[in-house]
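Bear in mind these aren't lab numbers, they're just calculated from the coordinates by the rules spelled out. These numbers were taken from a predicted model, which means no experiment stands behind them. We place every Cβ from the backbone using ideal geometry, glycine too, and count neighbours over all the protein chains shown.
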Amino acid sequence: MKRRAAAALVLLALAAAALRAALPRPAPLREGFPFSRAVYARDGRLLQLTLAADGRYRLWVPLREMSPLLVEATLLHEDRRFRLHPGVDPASLLRSAWTTYAARARRRGGSTITMQLARLKYGIDSSRPSGKILQILRALQIELLYSKDRILEAYLNLVPYGGNIEGAGAASFAYFGKDVSRLDLSEAITLAVIPQTPVRRAMTKAERADRRTLEEARRRLFARWIVLHPQDARLGAALEAPWEVRGPRRLPLAAPHFARRALARSREERIVTTLDPEAQALLERLISGFVERRRERGVRNAAALLVAFTTMETVAAVGSADYRDESILGQVSALTARRSPGSTLKPFVYALAFEQGLVHPRSLLKDAPAAFGAYDPENFDGDFEGPLTAGEALVKSRNIPAVSLASRLAPPGLHGFLRAAGVDLPRPAEHYGLGLALGAGEATMEDLARLYAMLGNGGELKPLRRAAADPREPGARLLSRDAVFLAMEALKANPRPRQSFREDWRAAALPVYWKTGTSWAFRDAWAAGVFGPYALVVWIGDFRGDGNPAFVGAEAAAPLFFDIADALRSRGPLRDAYALGQRGLTAVPLEVCAASGAAPGPHCPRREKTWFIPGVSPIAACDVHREVLVDARSGLRACRREGARAEVFEFWPSDLLRIFRRAGVPRRTPPAYDPACGLTDRSGRGLPPRIASPLSGVTYHASAAAPGPIPLSAVADADAGELYWFADGALLGSAPAGKPLFWTPRPGRSVVRVVDDQGRGDAREVEVAFSE
């Protein structure tokens, strides 16, 4: 009899399969159910599981990715003849009806997996006979339209596992904290028995009676399991071990800012990201400890973004010090918040200047008071250092040299460069002005990571990759390899914070190419750079926009930056991926005068090497060290060789010479001319003065009732002592070189001229408008 029943079931199943093949392709069984979305780390660990639209955790997992132990245990417990029947098991239904209605014994279910799926999918109330008949008909329909694997897959993804947990994928994470593919036997048996009475057997239940119900069901199923798999009898002890109550509250919320970003950028239900969970945990631990140590100084929030610039994969991303801390607005993400980047953009000003041939790393720049149109920038420390090489000015983050270079960049300048790099600058360049080089615009941590990764990639801009499926796109070249190389050589010389020894004294030193930034009013402290295969951006600040004198890039962000860099290096040796990736450089070493950075003349006392881009980098003869004739008896500058000797002196512009003197730095300046030297002899030598104020291209507005004075100033050569000022040919007065003369103008256009006491001059047109 049993053989005949089994044969009949097989024939019915074969007939259903044949009929199914002849029917049109049906809609997927999952249709009509909303599903959760899952974000995974690169190694498959779950970072975040969202609720489905109906408030349930329901994660779709293909059958091939489920644990075979769970599949077999579920079939053994729910429907042993699932592969044989056509959706309905008549013998099981008859036994269920006899037990329930005739024998009046404990209710016994006779539903197959297909019938249970029909009840779930079509919302059938199977407690009544009419509902049971409808359930049977729907089960037969499902079997006609879908294969056994598709039916089993849908069942395991839709069946309730207690509370608002549905489907084995979500239940595995909620109860065991692991992917459903990694379940062991005891875990598979536990999940297999829950759907039969999910209200009482769910692992969210803490009541003793409910726990006993689940434990007894597990023992019964395991007893049946070892009949088929006697070799697993030794695993029974795992079922007797105590287990803890778990549920949705134990679902992970790892890398929450990054996971939220990944969800926003993708429509996929399963997002496997590039995140390294070990590196993520490392950054979170370092940030938490750093904030705790600096709490007394008002540091309560920090963020960091780590990118492998060779692949552009986001390795770790911490958007705030504590996602759950409402007092710091922890759910706000510094990764995408638009903030002033401070001086972190200066390396790109210098790289553009190198590329356009404005300077080379040893070119002399002036860190002295200067005005650029109506813009009058100052340095962070309110002081000036005088002449600096371009490399030193970048490392020391001097504002005046950076603004000076930015003002000389060819269009589209820094503004156009940043826009091409994907930085959101919604206003035209005129709105930001030259202050853009100092952080007048806004950028995100992702912007800075992309920009510094571009440096690591030799000037090629590539998009960040967050998901493993994101394509590795070819880069767009925004800077030449040579320009990046010159900038990176300067950044490499930037000493670590609180370092009192030379970097090359360290054993097996790993180069770090880095820069800091501090936004206006101490609202943000930044450190960004490249080391090994990574680009790292660190932010310290307050999401409410409150300033704090402790928020200084070099003092707040830099120590955390190097804490992270050192910790990553301690995990294993890192190779300088930037240096290894450099190919096709044309830059060559060139000897220049150490003082001026220009081509050394015969009188330069000391020479140094710098990097030079042939055909691009500027080169001019040094004019600082000049040989002059000095009268042997008077020591004054002579105009005739008779009775004179040749000596070398330093001819520094008056603005720099004033700074040297203020700082107490001695300079070997030339002596005054012998009175016997005529003006004709003197005017043909040295450099003429250059007018610094009034400004070129600016209309001065003044009140007609009380017009204010305009300062007249010029940069003069070292041998100039007095400057004489004229307006439309009329003498206004004189002032010592380096000192201003104040002039009250008339309305209209005037030609202002300056002549030094050596007969050299400069002129500029000025427009003054009076208002009533």
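Determine, at each q value in 0.12, 0.18 (inverse angstroms), the log₁₀ of I(q)/I(0) that the Debye formula gives when each Cα of the range 418-485 is one equal point scatterer. Relative scattering, expressed as log10 I(q)/I(0), comes to -0.37, -0.77. Dividing the convex hull volume of the alpha-carbon atoms in the range 130-269 by its residue count gives 169 Å³ per residue. Its Cα centre serving as origin, the range 519-649 has a Cβ charge dipole (Lys and Arg +1, Asp and Glu -1) of approximately 520 debye. The Cα center of the range 691-729 and the Cα center of the range 118-191 differ in position by 87 Å.
This model, with +1 at the C-beta of Lys and Arg and -1 at the C-beta of Asp and Glu, gives the chain a dipole about its Cα centre of some 4620 debye. Hey, if you put +1 on the Cβ of every Lys and Arg and -1 on every Asp and Glu Cβ in the chain, which of I619, N301, L723 ends up farthest toward the positive end of that dipole? So the residue we want is N301. For the range 299-407, a simple Cβ point-charge model (Lys and Arg +1, Asp and Glu -1, everything else neutral) yields a dipole of about 180 debye relative to the Cα centre.
From largest to smallest, the equivalent ellipsoid semi-axes obtained for the range 641-772 from the alpha-carbon gyration tensor read 33, 17, 11 Å. Peptide packing for 37-46, 161-170, 518-527 was compared via the average number of neighbouring C-beta atoms within 10 Å per residue; ordered from the highest value, the list is 161-170, 518-527, 37-46. Just so you know, the Cα atoms of the range 504-640 work out to an Rg and Dmax of 23.5, 72 Å. In units of the rule-of-thumb radius 2.2 N^0.38 Å, the range 105-169 shows an alpha carbon radius of gyration of 1.13. Applying a DSSP loop filter and a limit of 15 other Cβ atoms within 10 Å to the trypsin sites (Lys or Arg not before Pro) in the range 426-506 leaves R472, R498, R502, R506. Each residue of the range 78-85 was assigned a 3J(HN,Hα) from its phi angle through the Karplus expression (A = 6.51, B = -1.76, C = 1.60, θ = phi - 60°), giving 9, 6, 5, 9, 4, 6, 9, 7 Hz with x at Gly and Pro. For the range 208-238 versus the range 246-294, the inter-centroid distance based on Cα atoms is 36 Å.
Taking every DSSP helix (H) stretch of at least 4 residues in the chain, weighting each as -39,500 (n - 2.57) and dividing the sum by the residue count yields a mean residue ellipticity at 222 nm of -9500 deg cm²/dmol. To one decimal place, what Kirkwood hydrodynamic radius in Å is obtained for the range 578-726 from all pairs of distinct Cα atoms? Answer for the range 578-726: a Kirkwood hydrodynamic radius of 19.0 Å. Taking only the Cα atoms of the chain, the radius of gyration and Dmax are 39.0, 139 Å. If you take the alpha carbon atoms of the range 460-562 and fit the smallest convex hull around them, that volume is 148 Å³ per residue.
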